[in-house]
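**Student:** Just dropping this structure here.
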Amino acid sequence: MNHIDLNGRHAVITGGAQGLGFAIAERLLASGASVSLWDRDTAELQHASKNLEQVGTVTTRVVDVVDAADVEAAVAQTTERHGAIDILVASAGIAGPNFKTWEYPIDAWRHVMEINLTGVFLCCRAVVPGMIERNYGRIVNISSIAGKEGNPTASGYSASKAGVIALTKSLGKETATYNIAVNCITPAAAKTRIFDQLSQEHIDFMLSKIPRGRFLKTEEVSAMVAWLVSEENSFTTGAVFDLSGGRATY
């Protein structure tokens, strides 16, 4: 494992109790950062914290990323406790159900958009002012290859992740002169608990589209994110980094 120097940096990871968020937390801790895990699942947070405390300094907070007041309070508490939020990794997200677009439940559509897109917006909105004040920050938003290509029977998820790409590009341009790097990644499917929300037909479809012939490994995601949130990434912002195993066509 290459060593990325994150000593003295504090990272907030949403959805950090499991899946990609947990893997990213593990890698950032190994690189010297302290980490705050934000998640809405109390039991999973406790379990994650117990495992990660062996690697480095971890704090947890139950946060609902779609609740603006809750996010603002979490930022205030985290900043007071750790002095600053240097890094944000917006990883919280859900897959939503699998339906043709004209059959997609309206409530499910709104729920997916709230968590996957509005949640990212609210977290970015809350942490950026502090980063501007300190003239330093690194943000990575977790999008998806579905946000580039659009997956059939997953219009809600695909549209929300496309929105994350556009949000990232806008924010990256707005903060470029403040030594803040805002980027996103577009991973192909990785075997995490999000698979529990998907039909087997949809899982098989996703695998069939990956030229590598396998699903993404979580440690492959965390390796890319570790560099993106480091001080070494001093120029790239508003960019999309592909982790699709060759699937992406642009």
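The values are calculated or read from the model by the stated rules, or taken from the named source; none is laboratory data. These numbers were taken from a predicted model, which means no experiment stands behind them. Positions of Cβ are generated from backbone atoms using ideal geometry, with glycine treated the same way; all protein chains shown enter the neighbour counts.
**Student:** Checking Ala162 against (1) in contact (Cβ under 8 Å) with a residue 24 or more places away in the chain; (2) over 25 Å from Met1 (Cβ atoms); (3) of a type in the set (A, V, I, L, M, F, W, C), only one condition comes out false. Which one?
**Tutor:** Unmet for Ala162, out of (1) in contact (Cβ under 8 Å) with a residue 24 or more places away in the chain; (2) over 25 Å from Met1 (Cβ atoms); (3) of a type in the set (A, V, I, L, M, F, W, C): (1).
**Student:** Still on this structure: For region 43-65, indicate whether the set of residues that are closer than 15 Å to Cys124 by Cα, in a helix (DSSP H, G or I) and of a type in the set (Val, Ile, Thr) is non-empty.
**Tutor:** First, the residues of region 43-65 that are closer than 15 Å to Cys124 by Cα: 63-65.
Cutting the leftovers down to in a helix (DSSP H, G or I) gives us none.
No: region 43-65 contains no residue that is closer than 15 Å to Cys124 by Cα, in a helix (DSSP H, G or I) and of a type in the set (Val, Ile, Thr).
**Student:** Of these, Glu53, Glu80, which one is modelled with pLDDT under 95 and either aromatic (Phe, Trp, Tyr) or at negative phi (or both)?
**Tutor:** Working: Glu80 fails: modelled with pLDDT under 95.
The match here is Glu53.
**Student:** Quick check on region 217-235. Is at least one of its residues closer than 26 Å to Leu6 by Cα and in a strand (DSSP E or B)? Walk me through it before giving the result.
**Tutor:** Step one: list which residues in region 217-235 are closer than 26 Å to Leu6 by Cα, which gives 217-235.
In the following step, the residues that additionally are in a strand (DSSP E or B) were identified as none.
So far as region 217-235 goes, no, none of its residues is closer than 26 Å to Leu6 by Cα and in a strand (DSSP E or B).
**Student:** Could you list, in sequence order, the residues of region 83-138 that are in a helix (DSSP H, G or I) and either touching a Lys or Arg at 6+ places or on another chain (Cβ under 7 Å) or modelled with pLDDT under 95 (or both)? Give the derivation first.
**Tutor:** In the first step, residues of region 83-138 are kept if they are in a helix (DSSP H, G or I); the result is 101-103, 106-134.
Residue satisfying the conditions is Asn116 alone.
**Student:** Quick one: in region 171-180, which of the residues that are out of contact with any Phe, Trp or Tyr (no Cβ under 8 Å at 6 or more places or on another chain) and crowded, with 18+ Cβ neighbours inside 10 Å is farthest from Glu232 (Cα to Cα)?
**Tutor:** Leu171
**Student:** Within region 35-79, track down each residue that is among the polar types (S, T, N, Q), surrounded by fewer than 21 Cβ atoms within 10 Å (Cβ to Cβ) and either within 18 Å of the chain's Cα centre (by Cα) or closer than 24 Å to Ser230 by Cα (or both). If you could, list the steps in order and put the result at the bottom.
**Tutor:** Let us first name the residues in region 35-79 that are among the polar types (S, T, N, Q), namely 36, 42, 46, 49, 51, 54, 57, 59-60, 77-79.
In the following step, the residues that additionally are surrounded by fewer than 21 Cβ atoms within 10 Å (Cβ to Cβ) were identified as 42, 46, 49, 51, 54, 57, 59-60, 77, 79.
Across region 35-79, the qualifying residues are Ser49, Asn51, Gln54, Thr57, Thr59, Thr60, Gln77, Thr79.
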